[in-house]
Amino acid sequence: MTRESNDVQAIQNVVVRIAHHIDKRRWTELRGLYADVVVADFTSVFGGEPQEQKTDDLLAGWSKFHDAIDASQHFLGPLDIEVKGEHASVECHVRAHHRFARAPGGEDWLVAGHYRYELARHAGGWKISRVRFEMSYQTGNTNMFEEALR
């Protein structure tokens, strides 16, 4: 295998593991996939501005939500990976289904769209430095995030 094909496989593993770690609530393993500081852009869902923040702070918010709900299932793919030296970008579709039986606005929330990741090579492997979610649509209880954090 060439270095580029090894890189593509390693990057694919990073992105695929995001979904598994979130859905299984494996926060320590998820933390290992990200650089120490990340730019996160979820403005298409929540408004506001993209945020540059410590990854630990980003994941603390994710874990608070996911630990409050009953379950989630994230489907990613296909992955379009481009490697340029020490940097890489990945684009993929996503469908994220969330279940929270006690939510006042309804027990299901589905968010679908497109992820864009930027990664950089680190001593420990490829790490995510930027994530952007571009929402296509959502159905169900679109207030679930707020309801779960009450």
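Just so it is clear, none of the values below were taken in a lab; they were calculated from the coordinates. None of the values given here were measured: they were computed from a predicted structure. Here the Cβ positions follow ideal geometry from the backbone for every residue, glycine too, while neighbour counts run over all protein chains shown.
TRP126 falls short on exactly one of the conditions (1) touching a residue at least 60 places away in the same chain (Cβ under 8 Å); (2) within 18 Å of VAL37 (Cβ to Cβ); (3) out of contact with any helix residue (DSSP H, G or I) (no Cβ under 6 Å at 6 or more places or on another chain), and that condition is (3). Among the residues of segment 38-46, some residue qualifies, meaning at least one is farther than 18 Å from LEU119 by Cβ, loosely packed, with under 13 Cβ neighbours inside 10 Å and more than 12 Å from the chain's Cα centre (by Cα).
Scanning segment 91-114 for residues that are free of Cβ contacts under 8 Å to residues at least 40 places away in the same chain, crowded, with 18+ Cβ neighbours inside 10 Å and not aliphatic (A, V, I, L, M) returns a single hit, TRP109.
Restricting attention to segment 67-90, the residues that are over 19 Å from HIS21 (Cα atoms), of a type outside the set (A, V, I, L, M, F, W, C), in contact (Cβ under 8 Å) with a residue 12 or more places away in the chain and in a strand (DSSP E or B) add up to 3.
Selection within segment 95-150: residues that are of a type in the set (Gly, Ala, Ser) and part of a strand (DSSP E or B). The member of this set that is farthest from ARG17 (Cα to Cα) is GLY140. For segment 1-34, enumerate the residues that are assigned to a loop (DSSP other than H, G, I, E, B) and of a type in the set (S, T, N, Q). Scanning segment 1-34 gives a single hit, THR2.
Total residues in segment 3-50 satisfying the condition of being of a type in the set (Val, Ile, Thr), farther than 22 Å from ARG95 by Cα and free of Cβ contacts under 8 Å to residues at least 60 places away in the same chain: the figure is 1. Here the condition is being of a type in the set (Lys, Arg) and either crowded, with 17+ Cβ neighbours inside 10 Å or out of contact with any Asp or Glu (no Cβ under 8 Å at 6 or more places or on another chain) (or both); of LYS24, LYS54, it holds for LYS24 alone. Just wondering, is there one or more residues in segment 44-66 that are touching a Lys or Arg at 6+ places or on another chain (Cβ under 9 Å), under 21 Å from ALA10 (Cβ atoms) and assigned to a strand (DSSP E or B)? No, there is no match, as no residue in segment 44-66 is touching a Lys or Arg at 6+ places or on another chain (Cβ under 9 Å), under 21 Å from ALA10 (Cβ atoms) and assigned to a strand (DSSP E or B).
Within segment 52-74, if we keep just the residues that are polar (S, T, N, Q) and under 14 Å from the mean Cα position of the chain (by Cα), the residue that is nearest to TYR117 (Cα to Cα) turns out to be THR55.
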